[in-house]
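Some notes on the structure that comes next.
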Amino acid sequence: MSQESNSALTNHGVLQAARLGAHLAATGVKVSHIFSSDLQRAANTAEAIRVAQSPTPQAVVQLHLLREQDFGFYEGKTFSQRPRDPSGRDAHLDAHRNDPGFRDVESKEFMMARVDAFVDVHLLPLFAVVRDEHSIVVVAHGIILNYLWRNILKRFPTANVAVAASADRGLSLDYIGVWSNTGVLDLEVKMRPGVIPVQEKPTYGPPLEVPPTLSSAEAGPPELSQQYTGLSSSATISAPVSRPMLPHMLLAVKAVNNLEHLNGLKKTRGGIGSLKHDPTQKTMESFFKKRTD
């Protein structure tokens, strides 16, 4: 189960992140901006990408908006421990909603409102200023990344979206966003030739109820409090009635779940690769490194 819990990268996860950063740098991907979830496994992966770049881009922007779905009461439990049918979930909610510490699962509407906030405030403004040779990197988690992909897709007219033959899985574009660990969805966004962009602003509907797991500070991150009208000091977030569209831009899907950077990487046997990474642990190279002093 994907979780919002703040678990660290495993030893194998650290190797995967380092491979990804090195691969992007080696293949000429020039990163200008990096956003990540503020959970450490995503933030550490983003930092591995950043430090592999030359020159090193500005610091990673860590956002609560990009966290994985909050599973509430079911956080950390297996799927077999969750009611599978809607009636079972409703019955479970009714039976436990008044229990101390009980939290329901974060709704689809709230997750979509979160990615709306990210796209409107952080991503769209960069589309107009980031040069064609530079890339924007977003590092997050499986479920919320699917919502983010569908949100981005809906901003483009169908005629403005193309899929490379190597990325075409014969599926609906709404559902191509599938990721393995450090898998890459590679998108290219360009201005249509000869078109003058028109800056749209979103309009918002009534506030959505904030999940109990979010404090007012978390529901309205400081970096959004003065910029995004959908977040208020009373810890509410609003779903947009209309989203800014991008008829003046083209979207190309170049790769889906690209794992080229993991070629030849095998997980260490004996469960070592699955252990939480300890940055203070010495490597084999450190034991045999020749002293220079």
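Only the coordinates and a few stated rules stand behind these numbers; no lab work does. None of these values were measured; they are calculated from a predicted model. Here the Cβ is made from the backbone with ideal geometry for all residues, glycine too, and neighbour counts use every protein chain on show.
General remarks:
- Rough spin-label spacing in nm, given labels placed 7 Å along Cα→Cβ, for V129 and A91: 5.5 nm
- For region 85-176, the calculated P(r), taken from all Cα-Cα distances in 10 Å bins from zero up to the bin holding the longest distance, is 12, 32, 30, 15, 9, 1 percent.
- Nitroxide proxy distance, nm - points 7 Å out along Cα→Cβ at L173 and S107: 2.8 nm
- Gain in span if fully extended, N98 to A8, counting 0.36 nm per residue against the direct Cα distance: 29.2 nm
- Summary of the geometry: region 17-46 and region 120-142, compared by the centres of their Cα atoms, lie 13 Å apart.
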